[in-house]
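Chemist: Here it is, the structure in full.
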Amino acid sequence: MAPLTDQAILLKRVNALERELERLKRDILHGLVAPRPQAVAPRPSLFGSVQGGDITEEMIEEAKRGLFRDLRDLQDA
């Protein structure tokens, strides 16, 4: 009975090796056929968008008014 068990274990190991080889082949083929990476789109940046060197409180308040609308219109609804 022992030889059958050894053969069964060996067959399982061979099957595992075959699956691993197939996985490796697939990975290699996908690597060869994979599409070329697209050019990276430039990210928007605020660098240089403010004229001059110093940012004043007035500029900050103006930016806040531009970014955050007045919420009073939501209270009326």
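Chemist: For K25, indicate whether it is modelled with pLDDT under 80 and either of a type in the set (V, I, T) or in a helix (DSSP H, G or I) (or both).
Modeler: Working: modelled with pLDDT under 80: no; either of a type in the set (V, I, T) or in a helix (DSSP H, G or I) (or both): yes.
Judged against the criteria, K25 is not a match.
Chemist: If I filter region 40-54 for residues that are modelled with pLDDT of 70 or more and not in a loop (DSSP other than H, G, I, E, B), do I get at least one hit?
Modeler: Kept after step one, since they are modelled with pLDDT of 70 or more, are these residues of region 40-54: 40-41, 54.
Imposing the further condition that a residue be not in a loop (DSSP other than H, G, I, E, B) reduces the set to none.
No: region 40-54 contains no residue that is modelled with pLDDT of 70 or more and not in a loop (DSSP other than H, G, I, E, B).
The values are calculated or read from the model by the stated rules, or taken from the named source; none is laboratory data. All values derive from a computational prediction rather than experimental measurement.
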